[in-house]
Amino acid sequence: MEGLNDSFEKLLSRYTLSSQFVEPFKFQLNKLFEIVENEGREELKGLLARKKDLESKIENLDKRYFDKPNFGDEKYNKYSLEFDMELKDVDLQIASNKKIISNHSRHIDKVIEKVTKINKYWREGDIKLSEQLTVYDNSAATNNLILPKTIYAAKFPNAFPSILNVGNLEKKISFDQYDSKGNILQYTLENGIPVSIIWGYNKTQPIAKIENAAYSQVSSYVSNLQTLSDTGTEANLITVLSHLLDNYYI
């Protein structure tokens with residue numbers, strides 16, 4: 001059975017990565033592996049406790065069998081077989097679990113060695129038909145999180161001018177502003193039209209998408225809408241959203 005590292009390495013080795021994205025990519029991979037490994041460690045604790053309990057049951061069963069002659073062979077064999085089978089199952093789960101929480105850093109480094117560009121191209125022979133490139137940033141615009149900043153794309157062949165570190169691609173979308181949770185607050189389409197998003201319910205769900213308006217233009221509504229979604233009534237939230245609709249298209 002393949003462990004998480006082996007499966008991930010096999011999957012990612014089919015893709016390629018540009019040098020400018022290596023560190024953000026490794027950062028995100030490490031975050032993913034840490035989450036999975038923490039879950040694996042918690043599961044392992046439970047499995048080891050279950051194994052210890054079964055071993056204790058087997059020990060007590062043997063003790064009762066030898067200390068009490070009237071315990072009976074049939075009862076002993078029944079429980080002994082049941083506990084042994086359960087113990088073997090737990091041992092298999094522990095072995096599988098240890099593959100999940102093995103050292104992942106070595107596997108990430110091996111994957112990084114194999115890749116050279118982030119995009120997977122559709123090719124016909126040696127002809128590149130299309131390309132999409134996502135540029136990441138870590139600045140005030142992304143709330144100091146590693147998040148997408150710009151998406152470029154194009155079909156080939158084309159006559160687009162070459163952009164430094166990008167190539168012959170067109171800018172399709174810019175992500176202009178994020179909140180502290182990594183939610184996108186404003187993005188701009190290739191036609192130059194900004195789109196703003198207001199997040200409610202403790203910033204877990206979008207409650208308004210406003211087209212043709214920068215986030216700064218609708219920021220006066222944000223605090224009230226978020227408070228209403230978090231603690232108010234649905235009716236009051238709809239009322240305020242209707243006022244916003246009078247001024248903007250949402």
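The values are calculated or read from the model by the stated rules, or taken from the named source; none is laboratory data. Everything numeric in this text was worked out from a predicted model, so none of it was measured. Cβ coordinates were reconstructed from backbone atoms using ideal geometry, including for glycine residues, and neighbour counts include every protein chain displayed.
Quick notes
- Of all residues in segment 47-56, none are among the polar types (S, T, N, Q), at pLDDT below 70 and either closer than 17 Å to A95 by Cβ or assigned to a helix (DSSP H, G or I) (or both).
- Yes/no for A153 being within 21 Å of A214 (Cα to Cα) and surrounded by fewer than 19 Cβ atoms within 10 Å (Cβ to Cβ): no
Condition check ((1) modelled with pLDDT of 75 or more; (2) surrounded by 11 or more Cβ atoms within 10 Å (Cβ to Cβ); (3) assigned to a helix (DSSP H, G or I)) across all residues:
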site	(1), (2), (3)
Y65	yes, yes, yes
K78	yes, yes, yes
F83	yes, yes, yes
L87	yes, yes, yes
I94	yes, yes, yes
K98	no, yes, yes
I108	no, yes, yes
E113	no, no, yes
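- Inter-residue pairs, beta-carbon under 7 Å, first in the same structural domain as K149 (by TED's automatic domain parsing) and in segment 163-180, second of a type in the set (D, E), 6+ apart: L169/E131; E170/E190; K171/E190; K172/E190; I173/E190
- Taking the conditions (1) buried (at least 19 other Cβ atoms within 10 Å of the Cβ); (2) of a type outside the set (D, E); (3) over 29 Å from E170 (Cβ atoms); (4) at pLDDT 90 or above in turn, T204 satisfies each one other than (1).
- Segment 189-201, subset out of contact with any Lys or Arg (no Cβ under 9 Å at 6 or more places or on another chain) and of a type outside the set (G, A, S), residue modelled with the lowest pLDDT: Y201
- Residue in segment 126-135 that is at pLDDT 70 or above and in a helix (DSSP H, G or I) present: no
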